[in-house]
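Below is one structure, written out as structure tokens; the observations come after it.
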Amino acid sequence: GITLAEQAGAMLASIVGNADAVSEMMQQIASASREQTVTANQVSKNIESISAVTRESVTGIHQISRTAGELNRSTEELQQTLQQFQVAGGAAALSDGISARDLSIAVPVDEELINV
């Protein structure tokens, strides 16, 4: 009987040791799971931040595109306006040694030309 009691005690001690090992492993798994949850939350926040920056970039690109279109239209309007100015004497006057200051410029106003 004593031998059986000693064997039972040894087996119980082994079972308790294994139970402690399993308990420690479960604690490590729980800790790793918490760390994984924290990391997943950080990744989610980073993805949300990237998404916000992407939306802001798209908005900025649209604004730049609109501004470029407006600048293009303004440039075309300026070119059309400049075509309305006529220099009296033209290029021939400049080749004859007359300075640009000596030339009069005709500006259309109310469909009449006024020399300035």
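Every number here is computed from the coordinates shown, using simple stated rules; none is lab data. Note that the coordinates shown come from a computational prediction; the quantities given were computed from them, not determined experimentally.
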Check: Which percent of the Cα-Cα distances in the stretch 1-55 go past 17 Å?
Finding: 64 percent
Next item on the list: Take the stretch 25-70, compute every pairwise Cα distance, and split them into 5 Å bins from 0; I just need the percent in each bin.
Entry: 5, 19, 11, 13, 9, 8, 9, 6, 7, 4, 4, 3, 1, 0
